[in-house]
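Novice: The structure under discussion is supplied below as structure tokens; questions concerning it will follow.
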Amino acid sequence: MWVAALLLALWAPAAWAAARLPDVLDARVTTTPERARLIVDLTGTTEFAIASLDAPERIAIDIKAQTVAISSPGAVSGSGLVSAFDTVMAEDGRARTELTLAQPAVVQQAYVLDPIGGQPARLIVDLIPTSDADFKQRAAADLARAMGGADPDPASSEAPAAPASAASSSVAAVTPPPAAVAVPLRPSVPATGGSRPLIVLDPGHGGIDNGASAPNGIHEKDITLAFALQLRDLLVGTGLFDVAMTRDDDTYLTLNERVDLARQNKADLFISLHADTFQEADIRGASIYTRDARATDILDKVLADGENHADIVAGYLQPDTKPAAVEMLVDLMRRQVRQQSYLAAQDIVNAMQPSVALRRFPLRQADFFVLQAPDVPSMLIELGFMSNNADIANLENVDWRNKVVNAIAAGVQRYFKDIGSDLGAPLTAASGG
Ligand SMILES: [Zn+2]
């Protein structure tokens, strides 16, 4: 359904004629047999539409743009779904990237990211394999849609995603769905003008990245998602918070994307959930990490390094784009956010203490990449370790999950009271920690 909606993300001619459009700076494709990703660098955010084209099998991405600063077809990095790609100006105001497929594929997700941390605005399109029959059906539907309505112009079949043909088709009036604009997050409750704190929950791993696995075949990615979904429902149910998820299904996101989503949505609290393996099998219990690049515990460092390499495992390492010199303003912000992160982690540990088995010294620091946002209080909760049999039993136990989720929700409420947020409940004096 999601992808079907995406294909209707066509634009109206009125908006088409607006101010100067962004330029396409660069386009890159990374592919494996299981997954491919197109990244288009832009001078600003824009709108796009996607169509499947048959004979030969291609995916076309039309982008509202002024110019294309690429002179020759790009080289695909890796081998698998996509065999070649090219980006050209298809007509005035419309660039087109065409991905030539080595096997049938479908768009799993597509979105535009705002410029951030020295990186330009980017259009991201992820492909996953599909069946031959499914591809042919999609291509036929896209062609019919482009040819539909009162526009029998044969040229439309050459450009199914073109705004000219779409404008007169039966779907031209469809408003682009949220999936096609800057923020791919799906808040569980509608925004209410920012009166409630926004909590972003980040179930660790997902998609081709399973995370840790138990001997019985259960994956960390499924455990973290189950906990996160239940926690979301509980937090939303209090009526005190807005909650958004970095993923609410079995989707792969890079660590950068998880951080970017929290920052772009100006989250008030970011909670990443994990259940990793630890170097020593007898280490067990829940623990909460906040970020400290200078943390010294060597086993915690091994743990964080393993997490930070999740993107390499999945084949999508992005360069670290932190500026060489950290501005003083950012440094001040970072310090305050670090204190808030620590306070929030402490409140959750305190709430867990009575009912949940905690690791010795449960409040810990390590250099987790996913906690790097300088402006969002962030923590990573290790619910337990998949390297310990007692923890595995707990992680798969519904009663234990209920206890943990209830405790985290209670700790979150405590934290927002501590920092003086008006949650509609009596405020208590802020504690110094
Ligand atoms: Zn993990």
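The values are calculated or read from the model by the stated rules, or taken from the named source; none is laboratory data. Predicted model only: the values in this text are computed from it and were never measured. All Cβ positions, even for glycine, are placed from backbone atoms using ideal geometry, and neighbour counts span all protein chains on display.
Novice: State whether one or more residues within region 121-131 are at pLDDT 85 or above and more than 25 Å from the chain's Cα centre (by Cα).
Specialist: yes
Novice: Evaluate the following for Gly204: is it buried (at least 23 other Cβ atoms within 10 Å of the Cβ) and either of a type in the set (D, E, K, R) or in contact (Cβ under 8 Å) with a residue 12 or more places away in the chain (or both)?
Specialist: The answer is yes for Gly204.
Novice: Can we say Ser168 is among the hydroxyl-bearing types (Ser, Thr, Tyr) and either modelled with pLDDT of 75 or more or surrounded by fewer than 20 Cβ atoms within 10 Å (Cβ to Cβ) (or both)?
Specialist: yes
Novice: Where residues in region 203-219 are under 14 Å from the mean Cα position of the chain (by Cα) and within 17 Å of Leu303 (Cβ to Cβ), which of them is nearest to the ligand (Cβ to nearest atom)?
Specialist: Result: Gly204.
Novice: For region 220-256, name all the residues that are more than 14 Å from the ligand (Cβ to nearest atom), outside any loop (DSSP other than H, G, I, E, B) and buried (at least 19 other Cβ atoms within 10 Å of the Cβ).
Specialist: Leu231, Arg232, Leu235, Asp242, Val243, Ala244, Met245, Asn256
Novice: Show me the strands (runs of 3 or more DSSP E) entirely contained within region 12-84 in which 1 or more residues are over 24 Å from Asn256 (Cα atoms).
Specialist: In region 12-84, the matching strands (runs of 3 or more DSSP E) lie at 48-53, 58-64.
Novice: Within region 274-303, restricting attention to residues that are among the acidic types (Asp, Glu) and within 15 Å of the ligand (Cβ to nearest atom), which residue is nearest to Met245 (Cα to Cα)?
Specialist: Asp276
Novice: Here is a follow-up. Can you tell me how many residues within region 357-385 are closer than 20 Å to Arg335 by Cβ, within 15 Å of the ligand (Cβ to nearest atom) and among the charged types (D, E, K, R)?
Specialist: Qualifying residue count for the region: 2.
Novice: Take the residues of region 65-82 that are under 19 Å from Thr32 (Cα atoms) and crowded, with 16+ Cβ neighbours inside 10 Å: which is modelled with the lowest pLDDT?
Specialist: Per the criteria, the residue is Gly74.
Novice: Can you name the helices (runs of 4 or more DSSP H) wholly within region 310-423 that have at least 3 residues being over 25 Å from the mean Cα position of the chain (by Cα) and modelled with pLDDT under 90?
Specialist: 328-352
Novice: Among the residues of region 257-273, what is the count of those that are over 16 Å from the mean Cα position of the chain (by Cα) and within 16 Å of the ligand (Cβ to nearest atom)?
Specialist: Adding up the residues that qualify gives 0.
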